[in-house]
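Just below is one structure, and these are the notes that go with it.
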Amino acid sequence: MLRKTLVIVAMLIVLCSTVVCGLSGADATAEPKHAAGEPTATQVVEPTQPPVEEDVEEVTTPTPEPTATPTLEPTPTEVVIQALTAQEAYDLALAEAQAWQPDAVLNEMGTSLPGPLDAEGKSKGWAIKFWSPAAKELNSMSFVNGKLNTTPIPLPDARAVPDMDTIIMDLKSIYDTGAAAGGNEYLTAGYIAMAGLVAPGGGSDITRWVINYQHPQNYTVGYTVQMDARSGDVTLALAVVGLQPVETTEETDAAANTDAAADTGVASDTASSDPVILVQIIFDAAKSGNFIVLKNLCDPLGENDNDTQMICDLATDDSEADSFIEYFEKGKINGDAQISPNGNEAAVPFLFGPNGDDEETMELINRDGQWYLSDF
């Protein structure tokens, strides 16, 4: 009897744990309570059977061949060539120079190819040099199409433009002054205006703006105008070579270049009516690297010496350029030209050499009223 009682109690405990007593919290309130004595439905839980694995044939979907994407040609972008005023070019270069050496001072500046000075006083090409007394270096900077390039080189000494804040930087007014002083005849004929700011030296104690009116095909200087860079007053207006015809077609350009290369005839040669100006052209070429202006400086009859011929040959063969720059970049006139009684020979004293202190004399010959290099 005791054993049967225990079995009945155990069954009641199991029934409580699986049906009634397991309901609590949210589960207890999920269903309405049954009234006492009402039979309770018991949920039958089916046993969970593991899924039956079936043999399923794997279907492989073929990958489509990649479709060739058409290549889109980029739309050409027009390159905008930026012209700068002298002030704009100077300010940009000065910031770069002072970042390079805080004591940098302007040595010289000017327009450069492909940027002749236009009527608004702007250029697409500028060459600007700064010198550092502390570093003993010269930093040559160039703006070409708005891009700045810099090249510092050792240089123990160099001239500097003093009091830059008093220099005329409005080159429109300089352009107009030069045109009124005789340059307009050359501009009308197709010549280009190239401007340069030159520090005191070379026989002049003032800072000058120099405008050279150059032939657009052979770059010879036909006319030059120099102005006081502070007052704007014209100090020199001179026909260097004179006006030469400017060809306007490709065929005639090629013919003109061929004739110039042949070096035949005085009329087609570059020369000067002033022997001092002619020698100064040599120094300017050494500073700027524009050797084309040297091409026809020598005696057209070929009676000049080898040293002067080497200078003229730099226009077509720059193998001696480094030596030429080393000896003539610091060159300057060292006195007045001495003209012979018959007016056919001239001697111009000058200084040159690595330090710019070697004395030398350039001898020139007059052919039909124009001076040419003869001997030194």
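General remarks:
- If you go through segment 273-305 and keep only what is touching a helix residue (DSSP H, G or I) at 6+ places or on another chain (Cβ under 7 Å) and not in a loop (DSSP other than H, G, I, E, B), you end up with 281, 282, 283, 285, 286, 291, 293, 294, 298.
- Sole exception among (1) free of Cβ contacts under 8 Å to residues at least 40 places away in the same chain; (2) surrounded by fewer than 18 Cβ atoms within 10 Å (Cβ to Cβ); (3) out of contact with any Pro (no Cβ under 9 Å at 6 or more places or on another chain) for residue 326, by number: (3)
Here's the yes/no breakdown for (1) assigned to a strand (DSSP E or B); (2) in contact (Cβ under 8 Å) with a residue 12 or more places away in the chain; (3) touching a Phe, Trp or Tyr at 6+ places or on another chain (Cβ under 7 Å):
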| residue | (1), (2), (3) |
| --- | --- |
| 177 | no, yes, no |
| 182 | no, yes, yes |
| 186 | no, yes, yes |
| 190 | no, yes, no |
| 196 | yes, yes, no |
| 209 | yes, yes, no |
| 217 | no, yes, no |
| 225 | yes, yes, no |
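- Single residue of segment 353-371 satisfying the filter (part of a strand (DSSP E or B) and free of Cβ contacts under 8 Å to residues at least 60 places away in the same chain) that is surrounded by the most Cβ atoms within 10 Å (Cβ to Cβ): 366
- Selection within segment 208-243: residues that are of a type in the set (A, V, I, L, M) and under 16 Å from residue 169 (Cβ atoms). The member of this set that is surrounded by the fewest Cβ atoms within 10 Å (Cβ to Cβ) is 210.
- Candidate set from segment 288-300 (those that are out of contact with any strand residue (DSSP E or B) (no Cβ under 7 Å at 6 or more places or on another chain) and of a type outside the set (S, T, N, Q)); member that is nearest to residue 217 (Cα to Cα): 292
- Members of segment 85-131 found to be under 17 Å from the mean Cα position of the chain (by Cα), modelled with pLDDT of 90 or more, under 22 Å from residue 192 (Cα atoms) and not in a strand (DSSP E or B), listed by number: 86, 87, 88, 89, 90, 116
- Residues that are within 32 Å of the chain's Cα centre (by Cα) and within 14 Å of residue 282 (Cβ to Cβ) within segment 334-358 comprise 352, 353, 356, listed in sequence order.
The values are calculated or read from the model by the stated rules, or taken from the named source; none is laboratory data. Everything numeric in this text was worked out from a predicted model, so none of it was measured. Positions of Cβ are backbone-derived with ideal geometry, glycine not excepted, and every protein chain shown enters the neighbour counts.
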